[in-house]
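Undergrad: I'd like to ask some things about the structure below.
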Amino acid sequence: QVQLVESGGGLVQAGGSLRLSCAASGSSFSVNTMGWYRQAPGRQRELVATITRGGSTNYAYSVKGRFIISRDNVKNTVYLQMNSLKPEDTAVYYCYSSSGGYDHWGQGTQVTVSS
């Protein structure tokens, strides 16, 4: 059973920074793509950023230039450095990973950006 444990959410003022971490454990297969999605109240879950095992990245247009995704393949951990945060970045952020042909999700961590 794959488990994703997230940390690093919280409350920050607009223009501030936060760093999210997510560690994957329990997989018998290599962890392939990892990433972050977010869901704001009343909205659908949306992609924030993903990174492949080889380091290729993909970002939502709204976070390009402000967020940086990275990963440590030895630790099976993915990070999201969020800079220049805006109130519209407020959401529950979910960690995602794919391994063994299955998708896995974390429990979510709240990020709140005050204006």
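Values quoted throughout were computed directly from the atomic coordinates according to the rules given, and no laboratory measurement underlies them. Bear in mind that the values here come from a model prediction, so they are computed numbers and not experimental data. Glycine also receives a Cβ, built like all others from the backbone with ideal geometry; neighbour counts cover every protein chain displayed.
Undergrad: Kindly write out, for the stretch 97-106 in residue order, the coupling ³J(HN,Hα) from the Karplus curve 6.51 cos²θ - 1.76 cosθ + 1.60 (θ = phi - 60°), rounded to whole Hz, with x marking Gly and Pro.
TA: Result, ordered by residue: 8, 10, 7, x, x, 10, 9, 9, 10, x Hz.
Undergrad: Right, another one. Where does the chain land on the Kirkwood hydrodynamic radius, alpha-carbon pairs, in angstrom?
TA: 14.0 Å
Undergrad: So for the chain, averaging the separation of alpha carbon pairs under 8 Å that are six or more residues apart and normalising by length, what relative contact order in percent results?
TA: 37 percent
Undergrad: Using the Karplus curve 6.51 cos²θ - 1.76 cosθ + 1.60 with θ = phi - 60°, what ³J(HN,Hα) values do you get for each residue of the stretch 53-61, in whole Hz, with x for Gly and Pro?
TA: Rounded to whole hertz, the list is 4, x, x, 6, 10, 9, 10, 5, 4.
Undergrad: Same structure, new question: DSSP loop (so not H, G, I, E, B), at most 16 other Cβ within 10 Å: list which trypsin sites (Lys or Arg not before Pro) in the stretch 12-64 pass both filters.
TA: For trypsin sites (Lys or Arg not before Pro) across the stretch 12-64 that sit outside H, G, I, E and B with at most 16 neighbouring Cβ atoms in 10 Å, the list reads ARG43, ARG45, ARG53, LYS64.
Undergrad: Just how large is the dipole of the chain about the Cα centre, in debye to the nearest 20, putting +1 at every Lys and Arg Cβ and -1 at every Asp and Glu Cβ?
TA: Values: 10 positive and 6 negative charges, 35 e Å.
About 160 debye.
Undergrad: Starting from the eigenvalues of the Cα gyration tensor, five times each then square-rooted, give me the equivalent ellipsoid semi-axes of the stretch 51-115, largest first, whole Å.
TA: 23, 15, 10
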